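This report concerns only the one structure given below.
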Amino acid sequence: MLTKTEERKPTKGEGKKRKHPGEDGDGGESKRREGEEGKGGQGDGGRKRLDALSVGYFRRVGERLSEGFEDNEDREMFVENVLTEVRGKATVVSMDQTGSITLQRLLPLCSPDQVATVLAELGGELGSEFKTVSCDRCGGHVVESAVRQMSRCIESSATAEEEEESCGVLDAQVLSLSKAVRDNSEEFIKHVHGSHVVRTLLHVLAGCLGPARTETRPGAKERNVAPQLTDFEIPTAFWYELKSLTDTLMDNVNLSVIDAVASVVFQTMLTVCHRKRPKLCKQLLKRIMEYLTSRSAAPGVSPLLVFLKDKASSHLIETIIQLSHKSLLRDLYKNHLKGQLVDLALHSIANFPIQRLTAASAKYKLFLKLFDELIQGVEAILAAGHMGVIVQLAESCAESGEKQEDMMQCLLHAFHCAEPGSRHVSCLPLFMSLITYEVYYHSDTAEGNIQTEVPLSSICYHGSRLVQALTKFKERSLLLSSLRTLSPADLLTLASDPSGSHVLQALITSSSDKGRGKILKRLEGQYVPMACSRLGSRVLEAIWNSATVSHRQSIAQELVLGESQLRSDQFARHVWAKFALSHFIHRRAHWQEIQTGESKKRKLFSDILE
């Protein structure tokens, strides 16, 4: 037994029954850790553990936290009681799975002084114990959570005197942690758990934070989206400490290209400095590039070509490219990548940095050189399946306003629908499916008209992304002509497809009123099944929002014929309500007046924005 925890009963309401740790509101994190239970891992050998009764106590604390508190007084009393139990054994509690999860949830409720007290105990007298706790699979989360509380410290202080009094102690502990990291930088940044603490520390010293790790369990749509950062005020000491910490990390810059875990730390360092310390970021970018380009390689071959093909270092180079200024990008291409872009775009790893370079150069004249080089290998890149490169090339053409005609002609030739001219109208299904004309239409001949009987099929994600980029081109007549050749059934398929629905929405909403009317004419007879589709109903709403009053009236006229079906469908009933179709049936004049008013308002805002 570590303390007399078994002799103490939780205060009223702290817990009524035992639950699995995954049920305390932090389920995802606890489940992940459960899988590691008993496996040892880094920093897990022979450590002291909480006894069963203490584990039960902290589990009940977690349950009580889930119930919430009636007022601040109850919360403060509860927090103080729990911290009394933690005092003297904070390290052991933090390094226990249940104790760690509970402390992570408790710390946001603590005052800055209380957080500082916990950190002081975790770090020891001189901060020498921070490394042990930070490099533990459970303890690292507690250290991160404690350091993150710095972001609310200044906000909660009404006056400068209160700020200095309440935050001063916590400031000192954060600086003590930073010193421990500087003293053991190599061990920290290479460690799978310790590196996360360093990354959080960099954010806090810079004055910007994203969502906590235990709160970031992204779904499929959010996985590739950068987390939103929130800025906050920092003490002056943090300004200087960030410079010291980055200088120390740069002493281990070699790890950024050979160790995947350390590489992410350097990426975080560059990202936060770019946001909060642009001049410092510029210096760091220059130093890292100098290191990367100074490594030995084969005579006449840039070492960057090796690093671009390595899994760990390629991620770092992607970040460097995204954050680089014009002169660095120009130097990167001129001295290292010129003449190599197609080969790199064909590589399974290097094609990703090439995508970042294409995106970053879109606002500079450098893009024209990149385009002229990459366009020579479009068919080879398509054959390799690296569609991200092609999509990004199209998106950069749209952003820059350059080379759009060349891009479209290149795609027409790549998908074998450039000649004869009658094949142009088949481009949309070919682009969306990423299939050549002969394969899509089962044609063995190089001539002849398309077989319109072939139903729309095989719409893929990258094909959808490609067409969405092409809809932003100045000249979209080929795409719109191709869209108008699709049968009503194909248009319904397009509207109901996870990838195709975005294409149809982009094409219709970006068309002129006249062009939109032609497409809507083809959709007649399909509005009811569209409204009853999960994805089709969203497309229909987007069409409605961009439609003229006369177009809305035509759509509404068709929808009200299927009133019973629409009112009973889980998706269509929302369409019925949003389009005010009950008003359309019973109060047609009033409905017309409302729609006319909305149309005028939308046009007014559109004119203002333009």
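Cβ-Cβ distance of Val549 and Tyr461, R₀ of 25 Å, FRET efficiency by 1/(1 + (r/R0)^6): the value works out to about 0.10. Largest to smallest in accessible area, the residues Trp239, Trp576 fall in the order Trp239, Trp576 (1.4 Å probe, all protein chains included). Accessible-area rank, largest first, for Ile508, Ile375: Ile375, Ile508, with all protein chains present and a 1.4 angstrom probe.
Round to the nearest 0.05 the FRET efficiency obtained for Ser348 and Arg295 when R0 = 22 Å and r is the Cβ-Cβ distance. It comes out at approximately 0.50. For the range 322-388, the alpha carbon positions stretch 33, 20, 20 Å along the principal axes, listed from largest to smallest.
Relative to the current alpha-carbon distance between Arg330 and Asp247, full extension at 0.36 nm per residue lengthens the span by 27.3 nm.
Computed about the Cα centre, the dipole magnitude for the range 238-306 is approximately 380 debye when only Lys and Arg (+1) and Asp and Glu (-1) carry charge, each at its Cβ. About the centre of its Cα atoms, the range 398-446 shows a dipole size close to 140 debye [charges on the beta carbon of Lys, Arg (+1) and Asp, Glu (-1) only; nearest 20 debye]. Heavy-atom accessible area for Val342, with the other protein chains in place and a 1.4 Å probe, reaches approximately 40 Å². When only the Cβ of Lys, Arg, Asp and Glu is charged (+1, +1, -1, -1), the dipole of the range 331-393 relative to its Cα centre reaches about 280 debye.
The peptide list 560-570, 354-364, put in order of mean Cβ contacts within 10 Å with the highest first, becomes 354-364, 560-570. Computed extension length for Lys518-Glu70: 155.2 nm, one decimal, from 0.36 nm per residue of separation with the Cα-Cα distance subtracted. Accessible area ranking (1.4 Å probe, heavy atoms, ligands and nucleic acids excluded), largest first, for His141, His551: His551, His141. For the pair Thr509 and Asp51 in one chain, pulling the backbone fully straight at 0.36 nm per residue adds 158.6 nm over the alpha carbon distance. With a threshold of 23 Å on the Cα-Cα distance, the over-threshold entries among Lys334/Lys403; Lys474/Lys578; Lys286/Lys363 are Lys474/Lys578. Separation of the range 347-367 and the range 242-295, taken as the distance between their Cα centroids, equals 21 angstrom. Here, the range 452-610 has an Rg and a Dmax of 15.8, 45 Å when only alpha carbons are counted.
Solvent-accessible area of Lys286, all protein chains in place: 120 Å² (probe radius 1.4 Å, heavy atoms, ligands and nucleic acids excluded). A viscosity of 1.567 mPa s and a temperature of 4 °C, combined with the Kirkwood radius over Cα pairs in Stokes-Einstein, give a translational diffusion coefficient for the range 337-439 of 93 µm²/s.
Entry note, the range 456-514: relative contact order of 46 percent, from Cα contacts under 8 Å with a spacing of 6+ residues. In the range 367-522, a dipole from Cβ-located charges (positive for Lys and Arg, negative for Asp and Glu) runs towards its positive end, and of Leu411, Pro429, Pro498 it is Pro498 whose Cα lies farthest in that direction.
The values are calculated or read from the model by the stated rules, or taken from the named source; none is laboratory data. Since the model is a prediction, treat every value here as computed from it, not as a measurement. Positions of Cβ are generated from backbone atoms using ideal geometry, with glycine treated the same way; all protein chains shown enter the neighbour counts. Areas reflect the complete protein model, heavy atoms only, side chains present, ligands, DNA and RNA absent. Shrake-Rupley method; radii C 1.70, N 1.55, O 1.52, S 1.80 Å.
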